[in-house]
Amino acid sequence: MNCSLRVLVLSMACGLALVPAVQAQQPQQPPAAGATAARVETTPAAVGKGEPVVAGGQVPDEATRIAVIEALRRVYGPSGVIDKIEVVNTVSMPANWSANVQRLITPSLKDIHRGQLQIEGTQMALSGEVGNEALRQKIVSDMANSLNPTYTIKNSLRVPASEQIAVDQVLGNRTIEFELGSATLTGKGRAILDEMAPILQKLTNKSVAVVGHTDNAGNRTSNLALSQSRAESVKGYLVGKGIDPMTLTTSGVGPDQPVASNATDEGRSRNRRIEFRVGR
């Protein structure tokens, strides 16, 4: 793979979800020695509709950075995008890169949840959840029609199982709380799990991944361990409520998948969360 062809990744979220990543470009001449590719990434955005998309990465000039951010703001609103894109003049950008990216940043991205769109050269892979089969096909068709025929798209979008929807609805936009810096559930945290236990008990022949998240305050290694401990604490509490422990798996990703900006107290509070992912 030619590293000069790696250009953009956007992760976004709507509802309880991630938002797509986008990378796009057209064939180009090999980059100069030592050049790296223009690259933009966003962290998983938003638990809860209206949360910001966090865009980061590297582009070769200010005009490109502004073009990408303005395209995102047209979709998510002036306050809906957190700009962390770096301008690094040593990176390489394919011909018409900015124009191609802007064609892909459309309101249809807001219909994708828990997803990501990645583009390497002319190879695109789109994953995530959408509301129905017709929408799943339309999003990819619209993207393909907006670009030239040299682009190919791997469509991994899926319609979520009703069980996941039921779990998401019970959790809503609430955060399962813990005592500061520990894996001890607060009373409010236990109360939410008390509501979720009956729903989880009804999931027959389904696994549920319990994923712990933290904000970015402090040491990353410590946060990874804390997020794992919190996921295990939630599992332990649910097992005590009668959930089969064999149906629950745990993992901790620390601060690596924020859903809001860590620059505010509210954002950090949202990032300190537990996510439930119902398996197939």
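The values are calculated or read from the model by the stated rules, or taken from the named source; none is laboratory data. Worth saying up front: this structure is predicted, and the values here are computed from it rather than measured. Positions of Cβ are backbone-derived with ideal geometry, glycine not excepted, and every protein chain shown enters the neighbour counts. Quick note on the areas: whole protein, heavy atoms, side chains included, nothing else; ligands and nucleic acids left out. Shrake-Rupley method; radii C 1.70, N 1.55, O 1.52, S 1.80 Å.
Leaving out ligands and nucleic acids, note down the accessible area per residue over region 51-181 with a 1.4 angstrom probe, in whole Å².
The answer is 47 Å² per residue.
Looking only at region 130-280, where both bridge partners belong to it, what percent of the DSSP beta bridges are antiparallel (to the nearest 5)?
Antiparallel bridges: around 55 percent, rounded to the nearest 5.
Quick check: with the 1.4 Å probe, what order do Ile85, Ile66 take by accessible area, largest first?
In descending accessible area the options line up as Ile66, Ile85.
Please turn the phi angles of region 123-135 into ³J(HN,Hα) values with the Karplus equation 6.51 cos²θ - 1.76 cosθ + 1.60 (θ = phi - 60°), one per residue in order, whole Hz, x for glycine and proline.
Residue by residue, region 123-135 yields 9, 10, 10, 10, 10, x, 10, 9, x, 7, 5, 4, 5 Hz.
For region 269-275, what does the Karplus curve 6.51 cos²θ - 1.76 cosθ + 1.60, with θ = phi - 60°, yield as ³J(HN,Hα) per residue in whole Hz, taken in order and with x for Gly and Pro?
4, 5, 6, 7, 8, 10, 10
Counting only DSSP beta bridges with both residues in region 50-186, tell me the antiparallel percent, nearest 5.
35 percent
If you put +1 on each Lys and Arg Cβ and -1 on each Asp and Glu Cβ, how big is the dipole of region 138-280 around its Cα centre, in Debye rounded to 20?
280 debye
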